[in-house]
Each structure stands twice: as C-alpha cells, then as structure tokens.
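**Student:** One structure coming up, written as structure tokens, with questions to follow.
The values are calculated or read from the model by the stated rules, or taken from the named source; none is laboratory data. All values reported here derive from a predicted model rather than from experimental measurement. Here the Cβ positions follow ideal geometry from the backbone for every residue, glycine too, while neighbour counts run over all protein chains shown.
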Amino acid sequence: MNSINFTIAPQDESVRVSLAGDITENADFTPILQEGAPKLVLDLGDVRRINSCGVREWINFVRKIQAEGRSLSLERCSVAVVSQLNMISNFRGGAEVRSFFAPYFCPKCQQERIRLLEANGNVKEAGLDNYPCPDCGTPMEFDDLEDSYLAFLR
C-alpha cells in the first residue's frame with residue numbers, strides 16, 4: 001500500500017505532480033518516474049511526514065531523475081520537507097526549490113499558521129517578518145529559528 005498519494009498533470013514540456021500524505025518505506029514513485037517529460041515539477045505542500053526509510057526512498061527517486069538527465073523543481077515544500085532539506089544534504093539532489101511553507105505564530109490569538117514564501121534567494125524581501133494574522137491583524141512571528149529553518153536556501 002503506497003503511503004503517498006499523487007496526482008499527475010501533464011503540461012506543455014513538463015509534468016506537474018502533487019504529492020499528499022507520508023513518505024515512508026511504502027512510498028512508490030514508479031508512476032512518476034514513468035512519465036517521460038524532461039521537466040518534473042513536484043508540489044510538496046501536502047506532504048505531512050517523512051520517516052527515515054522514506055528519506056531513502058526519496059533520495060533514490062531523486063537520483064533516478066538526475067540519472068535520466070531530467071530537471072526537477074520543488075514547489076510548496078511543506079514544513080516536513082523543509083526539515084529534511086535542512087538535515088539531509090542530498091535530499092534535494094539537483095532540484096530547484098521554488099517555494100516553501102514557513103511556520104508563524106500569532107501572539108494575540110495564540111494561533112499557529114503556515115505561509116507560502118517564494119525561494120527567491122532574498123527571504124527578507126519576501127516578507128518573512130511582515131505577516132499580519134488573518135484573524136486579528138496582529139503581526140505574526142516567525143515560529144522557528146530563522147537561520148536554521150532557512151539554511152536550505154544557502
């Protein structure tokens with residue numbers, strides 16, 4: 001039983017794949033690998049968890065894409081994916097990270113939120129410190145150690 005679900009949507013010269021669920025030892029990326037497009041774009045916004053065996057499966061998947069000479073882009077990287085990007089040096093392979101979710105906290109409402117940020121190299125410009133709470137308008141605080149969380153961008 002596959003622990004990760006995906007939706008494959010062919011586009012002009014690429015294939016966009018949305019992944020959802022957990023990347024574990026049961027993750028089977030074979031259907032994605034069978035897509036022949038030279039460019040793969042992975043939407044990782046709904047990846048909840050990645051265990052250590054899932055990391056192995058993911059790295060093997062990324063290596064196969066690289067070995068085939070295909071380009072890989074990662075979009076909407078969930079907090080779980082960002083964590084792995086920061087801990088595992090070859091988790092990204094040669095992929096370009098285009099966007100990622102970042103955790104925030106509202107001190108007034110006591111609510112946690114995530115915000116989608118572009119990985120354009122200048123996160124301050126993207127508004128890391130300027131995010132009003134959607135409920136009360138109070139400026140939300142980045143809810144992690146900035147240097148550690150954003151290390152994958154360097």
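**Student:** Residue by residue through segment 22-36, note down the ones that are in a helix (DSSP H, G or I) and surrounded by 11 or more Cβ atoms within 10 Å (Cβ to Cβ).
**Tutor:** Within segment 22-36, the first condition is being in a helix (DSSP H, G or I), and the residues that meet it are 30-33.
Correct list: PRO31, ILE32, LEU33.
**Student:** Follow-up. From ASN130, ASN120, grab the single residue that is modelled with pLDDT under 90, exposed (fewer than 12 other Cβ atoms within 10 Å of the Cβ) and within 22 Å of SER83 (Cα to Cα).
**Tutor:** Values: ASN130 fails: within 22 Å of SER83 (Cα to Cα).
Unique residue meeting the criteria: ASN120.
**Student:** I need the full set of residues from segment 1-21 which are among the hydroxyl-bearing types (Ser, Thr, Tyr) and loosely packed, with under 15 Cβ neighbours inside 10 Å, in order please. If you could, list the steps in order and put the result at the bottom.
**Tutor:** Narrowing segment 1-21 to residues among the hydroxyl-bearing types (Ser, Thr, Tyr): 3, 7, 14, 18.
Correct list: THR7 only.
**Student:** Now a separate question. Being farther than 23 Å from SER89 by Cβ and either basic (Lys, Arg) or in contact with a helix residue (DSSP H, G or I) (Cβ under 7 Å, 6 or more places away or on another chain) (or both) is the filter here, so list the residues in segment 13-47 that pass it.
**Tutor:** Scanning segment 13-47 gives ARG16, VAL17, LYS39.
**Student:** Which is over 19 Å from ILE8 (Cα atoms) and either in contact with a helix residue (DSSP H, G or I) (Cβ under 9 Å, 6 or more places away or on another chain) or at pLDDT below 95 (or both), of SER83, SER71? So that I can check it myself, show each step before the final result.
**Tutor:** Numbers: SER71 fails: over 19 Å from ILE8 (Cα atoms).
Going through SER83, SER71 in turn, the sole match is SER83.
**Student:** Look through segment 37-68, keep the residues that are part of a strand (DSSP E or B) and among the β-branched types (Val, Ile, Thr), and return whichever of them is nearest to PHE100 (Cα to Cα). So that I can check it myself, show each step before the final result.
**Tutor:** Residues of segment 37-68 that are part of a strand (DSSP E or B), as a first pass: 39-50.
Of the ones still in play, those that are also among the β-branched types (Val, Ile, Thr) are 41, 47, 50.
Working: VAL41: 14, VAL47: 12, ILE50: 16 Å.
Per the criteria, the residue is VAL47.
**Student:** Also, I was wondering about something else. Exactly one condition in (1) modelled with pLDDT under 95; (2) farther than 24 Å from TYR149 by Cβ is not met by GLU25; state its number.
**Tutor:** Failed condition: (1).
**Student:** Oh, and also: Test each condition in (1) free of Cβ contacts under 8 Å to residues at least 60 places away in the same chain; (2) in a helix (DSSP H, G or I); (3) buried (at least 18 other Cβ atoms within 10 Å of the Cβ) for LEU85 and report the one that comes out false.
**Tutor:** For LEU85, the exception is condition (1).
**Student:** Among the residues of segment 90-118, which ones are part of a loop (DSSP other than H, G, I, E, B) and either under 23 Å from VAL55 (Cα atoms) or touching a Cys at 6+ places or on another chain (Cβ under 7 Å) (or both)?
**Tutor:** Going residue by residue through segment 90-118, those that are part of a loop (DSSP other than H, G, I, E, B) are 90-95, 98, 107-110.
Scanning segment 90-118 gives ASN90, PHE91, ARG92, GLY93, GLY94, ALA95, ARG98, LYS108, CYS109.
**Student:** Check VAL41 against each of (1) of a type outside the set (Ser, Thr, Tyr); (2) closer than 22 Å to LEU153 by Cα; (3) loosely packed, with under 15 Cβ neighbours inside 10 Å and name the one condition it does not meet.
**Tutor:** Of everything listed in (1) of a type outside the set (Ser, Thr, Tyr); (2) closer than 22 Å to LEU153 by Cα; (3) loosely packed, with under 15 Cβ neighbours inside 10 Å, VAL41 misses just condition (3).
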